[in-house]
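Notes follow once the structure below has been shown.
The values are calculated or read from the model by the stated rules, or taken from the named source; none is laboratory data. From a predicted model like this one, the values you see are computed outputs, not experimental measurements. Neighbour counts are summed over all protein chains in view; Cβ atoms, including those assigned to glycine, are modelled from backbone coordinates with ideal geometry.
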Amino acid sequence: MIQKKLMAAGLMLILFSCKEKGVQSFSVKGTLKNTEARMVYMDQILLEAGMHKPVDSVLLGKDGSFVLKTKTKGENLYYLRIDNEQYPFATLISDVPSITVKADLQSKTLPAAYEGSPASIALQQYYTSFMQHRGQLALLGKEYDSLTKAKAPDSLLVALNTKGEGIVANMKNDVSAIVINGKSPVLALMALQSNQNWYTPDQYGDLLSQLSKKYPEDNNVKKAGKNFTDQMAAMQQNKPAPQFVGQKAPEISLRDLEGHTVSLSSYKGKYVLVDFWASWCKPCREENPNVVAAYNKYKNKNFTVLGVSLDDNEKAWRAAVEKDRLTWAQTLDEKQVAAATYNVQGIPFNVLVDPDGKIIAESLRGMDLENKLQEVLK
């Protein structure tokens, strides 16, 4: 009899354990202050799709109290909002079966406080730091624009750029700390995805791989890993094979702004970014600040840029050079001879030439350019 009871107890324990790893109940108890709202809504955020779906709603009690319930499988991210408000007053993670939320909707800081959920508290702390860093970058951007319009010395722009890099480094350090030391897969994914623009695909993939090893059974991590792998495969399939990497750079000889002939071969001994662009090309103009930043940072480290414009309007070309503050050698490929030689299919397009005149990279944009220059100009 005792053995049967032990077997039954063991079976119940197994069933209970299976239930814990599967779908679980999740509830949020809370109170709201300083609101005339009638309803409170809870939405689940689908991290892999960047979408949300309503999972529960309830009438707000006269004392501002509410209880919301749903079923969840593992950790997930949820928003709480009132009536028809688009933006949430609380963002929380289902790391525990029940969370308490207290919110003052007239608070000038973050309105919600959490009890019982370490992941939700950690998420709020991360979000506070993230927004502070974003604010610092926004102020630097405005200052950079003002200095650019005032034609300030390059040294000031380089100093601002260096300060911005320091802020980005701090943001990436926050992400690494959460990925390595944190205990919430959802928080780690949130931190990683909100900073994706600061990473190369290889760096981003490495951090996702660390998450996959740390949380092998988490559905959100699995989906994020699969989505990233699928995206990289699609990009690789659609990306044209490098045409010139490893080859000697074909000569370019074109006239510059002063009417003098400038040749690529005259830069032998330097790293040269041959940059194909045009004044009418919006993506080119949007990319120019990145090239300006790279040039200002590395121009004293055996690096320069050779601009090759495909403009057919010389006046527009000259105006764009001045407006975008492109201070390196600028040439005009009026008959598109250089563009044909380099088989330019679209712009912006560039190739990086090493001191021996060999092409070592092409199509470097954004952080890819910065990372490649860091690699070769150590």
Output for Cβ contacts, cut-off 7 Å, separation at least six or different chains, first residue outside the structural domain of SER212 (by TED's automatic domain parsing) in segment 156-184, second surrounded by 14 or more Cβ atoms within 10 Å (Cβ to Cβ) and in a helix (DSSP H, G or I), reads none
Within segment 27-50, of all residues that are among the aliphatic types (A, V, I, L, M) and assigned to a strand (DSSP E or B), the one modelled with the lowest pLDDT is LEU46
Checked segment 177-198 for anything within 14 Å of the chain's Cα centre (by Cα) and among the hydroxyl-bearing types (Ser, Thr, Tyr); matches are SER194
Only one of (1) at pLDDT 95 or above; (2) of a type in the set (D, E, K, R); (3) touching a strand residue (DSSP E or B) at 6+ places or on another chain (Cβ under 9 Å) does not apply to LYS53, and that is (1)
The residue that is farthest from VAL58 (Cα to Cα), considering only those in segment 68-103 that are touching a Lys or Arg at 6+ places or on another chain (Cβ under 9 Å), in a strand (DSSP E or B) and not polar (S, T, N, Q), is LYS73
Q. Scanning for something over 20 Å from PRO185 (Cα atoms), exposed (fewer than 14 other Cβ atoms within 10 Å of the Cβ) and among the hydroxyl-bearing types (Ser, Thr, Tyr), does segment 36-46 turn up at least one residue?
A. no
Across (1) small (Gly, Ala, Ser); (2) surrounded by fewer than 18 Cβ atoms within 10 Å (Cβ to Cβ); (3) not in a strand (DSSP E or B), ALA119 clears everything bar (2)
It is to be established whether one or more residues within segment 299-318 are under 19 Å from THR148 (Cβ atoms) and of a type in the set (S, T, N, Q). no
So, first residue of a type outside the set (A, V, I, L, M, F, W, C) in segment 203-219, second residue not in a helix (DSSP H, G or I), Cβ within less than 7 Å, six or more apart or across chains; the pairs are ASP218/GLY74; ASP218/GLU75; ASN219/LYS73; ASN219/GLY74
For this session: Look at LEU60 and say whether it is outside the structural domain of GLU217 (by TED's automatic domain parsing), more than 35 Å from the chain's Cα centre (by Cα) and at pLDDT 90 or above.
Result: yes
### Task
Could you check, for segment 70-90, whether at least one of its residues is modelled with pLDDT under 95, within 22 Å of LEU189 (Cβ to Cβ) and of a type in the set (S, T, N, Q)?
yes
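Let's see how each residue does on (1) in contact with a Ser or Thr (Cβ under 7 Å, 6 or more places away or on another chain); (2) within 14 Å of ARG285 (Cα to Cα); (3) modelled with pLDDT of 90 or more; (4) surrounded by fewer than 21 Cβ atoms within 10 Å (Cβ to Cβ):
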position	(1), (2), (3), (4)
VAL305	no, no, yes, no
VAL308	yes, yes, yes, no
GLN336	no, no, no, yes
LEU352	no, no, yes, no
LYS358	no, no, yes, yes
Output for Cβ contacts, cut-off 6 Å, separation at least six or different chains, first residue free of Cβ contacts under 8 Å to residues at least 40 places away in the same chain in segment 113-126, second hydroxyl-bearing (Ser, Thr, Tyr) and part of a helix (DSSP H, G or I), reads TYR114/SER120
Checking VAL308, VAL245, VAL272 in turn, the sole residue that is β-branched (Val, Ile, Thr), in contact with a strand residue (DSSP E or B) (Cβ under 8 Å, 6 or more places away or on another chain) and under 30 Å from LEU140 (Cβ atoms) turns out to be VAL272
